[in-house]
Amino acid sequence: MSVACGPDADALTRGLGFDCHDVAPVVSVRLPWTLAHWTMPLLELLVVGGAVFALVHAVKRYRAGDPVNLALWWASLVYLFVTEPPLYFPEWFGLDRIYGFIFAHNEFTVQFMADRLPLYIVAFYPAFSQLAYELVRALGIFRGRGPFAGAVAVAFACQVFYEVFDQLGPRLRWWAWNPGNRIVNHPALASVPMTSVLLFASVSFGALTYLVVRLAGGPRRGWPLVVRTLVAGVLTPPAMAIAGIPSSLFDGNTTAQAWILGAELALVWVAGIAILVTNRAERPPQSAFVRIYPAVYLGALAVFWIAADGSGPAGSVPYALACFAAAGLVLVALYRKARAPAPV
C-alpha cells in the first residue's frame, strides 16, 4: 500500500514544519536535539521510560502470582495496533470518505509508518494504562469494590492525568488536529476534539482495564493468558464505539453532540469522584512504580505547561487546571495513610 499525503495531511505537516511527501515508509531516526521543541525529547524520555518501568513492575507482579499488570501492558499494545493504523491511514481501510484525515504527529526521535506513529506514542499506551490501573489498585478499589467500580475509577484517573497532556500537545506542536474535519474533530473543547477527551481519554482505558481484569485476573484455566490478553485488546475499540452512539445520533448537529459528550464526561467525573471519596477498602502495599511514576509524570507535565511558548492552537487552560487539581488530589489520597512499601 502506498503512503498517502493528501491536501489535509500536507497542510498539517507543513504547519508542523515538515513535508509528508518526504518521509521514510517504515522507520526514521533523528537526533533528539534537532527536534522542533525542547520539550519533545523530554516527553519521549518521560513516556518511554515510564513504559519500561511499567513493564519491569508488571513482570514482578506476574512472578508474584498476579498476571493482570502484564496482561494489561500487552493488551494496551494490541489496542494500539487495532486502533491507530485506521486513524493514520483511513484510505487503506476505506474510511477516508467516512472519517477523513484526523491529525498528524510532529517529527520525533524515532518514528514509524511514514512518520505518522512516534515511538513515544507506542510506549504511551502501556505506560498510561499502568499508571491509572496501579493508582486505583493501590487505593484498594479493585479489592474492595470489584472490577466494574475499579474500571470506572480508572476511567476517571485516565481523564485527569491524560487531559493535562492532551490539552497541551497542540500548543507545543507535538501534534496537530485537522480543523477541517467536521466529522471527528468537532465539537471540541478549545482545540481538542471532545471525542478524544471522552472516548479515548476515559472510555477506552476504562473498558480495557475492565476486560483485562475480568479475562486475565481469574483462575489460570481455560484459554491461555496470551489469548485472553489479545481478546481484551481487540474488544476495547467496540466499547468506545458503543459510548459514542448517543452523540452519533445527532450527526451534523455539533451543539447537541457537545451537550451529550459533555454529559457523559460529567458522568465520568461524578462517578469517579464518588468512588474515590467513598472508598474505605483496605489498601495493598504500594509498589515502587505507583509511588514514583504518577508524580513524576504529573510534575513533568506541569513544567511543560509553565514553560509552554508554542504558537499552536491553545487547549482549555481551565479544564487542564481542573485536571491537574483532581490528579493532585488522587496522589494525595494515595500517599495519605499509605502502608509500608513493598518490592512489587
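The values are calculated or read from the model by the stated rules, or taken from the named source; none is laboratory data. In this text, all values refer to a predicted model and were calculated from it rather than measured experimentally. Ideal geometry is used to build each Cβ from the backbone, glycine not excepted, and the neighbour counts take in all protein chains shown. When the accessible area is computed, the model is the full protein with side chains, heavy atoms only, and any ligands, DNA or RNA have been set aside. Shrake-Rupley method; radii C 1.70, N 1.55, O 1.52, S 1.80 Å.
Only a single item in (1) modelled with pLDDT of 95 or more; (2) closer than 17 Å to Val154 by Cβ; (3) among the acidic types (Asp, Glu) is not met by Asp66, and it is number (1). Taking the criterion of being over 17 Å from the mean Cα position of the chain (by Cα) and within 18 Å of Glu264 (Cα to Cα), the only residue of the stretch 160-184 that qualifies is Val184. Among the residues making up the stretch 242-262, a single one is closer than 21 Å to Gly150 by Cα and surrounded by fewer than 18 Cβ atoms within 10 Å (Cβ to Cβ): Ile242. Go through Tyr293, Tyr319 for me and flag whichever is at pLDDT 90 or above, closer than 29 Å to Arg173 by Cβ and in contact with a strand residue (DSSP E or B) (Cβ under 9 Å, 6 or more places away or on another chain). Sole residue among the options that is at pLDDT 90 or above, closer than 29 Å to Arg173 by Cβ and in contact with a strand residue (DSSP E or B) (Cβ under 9 Å, 6 or more places away or on another chain): Tyr319.
Checked against the criterion of being among the hydrophobic types (A, V, I, L, M, F, W, C) and farther than 30 Å from Leu331 by Cβ, the candidates Phe108, Phe124, Phe93 yield just one match: Phe93. When every residue of the stretch 244-267 is checked against the conditions, none turns out to be closer than 27 Å to Ala51 by Cβ, part of a helix (DSSP H, G or I), among the charged types (D, E, K, R) and at pLDDT 90 or above. Against the criterion of being free of Cβ contacts under 8 Å to residues at least 40 places away in the same chain and either in contact with a helix residue (DSSP H, G or I) (Cβ under 8 Å, 6 or more places away or on another chain) or among the charged types (D, E, K, R) (or both), Glu107 does not qualify.
Listed conditions (1) at pLDDT 95 or above; (2) surrounded by 19 or more Cβ atoms within 10 Å (Cβ to Cβ) are all met by Gly49, apart from (2).
Right, Ala157: within 19 Å of the chain's Cα centre (by Cα), of a type outside the set (D, E, K, R) and within 22 Å of Ala207 (Cβ to Cβ) or not? The answer is yes for Ala157. For the stretch 123-179, the set of residues classified as among the aliphatic types (A, V, I, L, M), touching a Ser or Thr at 6+ places or on another chain (Cβ under 6 Å) and under 22 Å from Ala326 (Cα atoms) consists of Ala151, Val154, Ala155, listed by residue number.
Scanning the stretch 147-175 for residues that are open to solvent by less than 20 Å² (accessible area, probe 1.4 Å) and either over 28 Å from Phe108 (Cβ atoms) or touching a strand residue (DSSP E or B) at 6+ places or on another chain (Cβ under 9 Å) (or both) turns up Ala149, Gly150, Ala151, Ala153, Phe156, Glu163, Asp166, Gln167, Gly169, Pro170, Trp174, Trp175.
Among the residues making up the stretch 78-112, a single one is among the β-branched types (Val, Ile, Thr), open to solvent by 20 Å² or more (accessible area, probe 1.4 Å), under 17 Å from the mean Cα position of the chain (by Cα) and at pLDDT below 90: Thr83.
Being touching a residue at least 60 places away in the same chain (Cβ under 8 Å), under 17 Å from the mean Cα position of the chain (by Cα) and not in a helix (DSSP H, G or I) holds for only one residue in Gly315, Gly233, and it is Gly315. Which of the residues that make up the stretch 53-77 are within 18 Å of the chain's Cα centre (by Cα), open to solvent by 40 Å² or more (accessible area, probe 1.4 Å) and more than 14 Å from Val226 (Cα to Cα)? Passing the criteria: Phe53, Leu55. The single condition from (1) in contact with an Asp or Glu (Cβ under 7 Å, 6 or more places away or on another chain); (2) of a type in the set (A, V, I, L, M, F, W, C); (3) loosely packed, with under 15 Cβ neighbours inside 10 Å that Val29 fails is (1). The C-beta contact set for the stretch 254-265 (first residue under 12 Å from Ala243 (Cα atoms), second residue in a helix (DSSP H, G or I), distance under 6 angstrom, 6+ apart or interchain) comprises Ile260/Pro246; Ile260/Ser247; Leu261/Met194; Leu261/Leu198; Leu261/Ser247; Glu264/Leu198; Leu265/Leu198.
Residues in the stretch 12-22 include none that are open to solvent by 20 Å² or more (accessible area, probe 1.4 Å), of a type in the set (Gly, Ala, Ser) and at pLDDT 90 or above.
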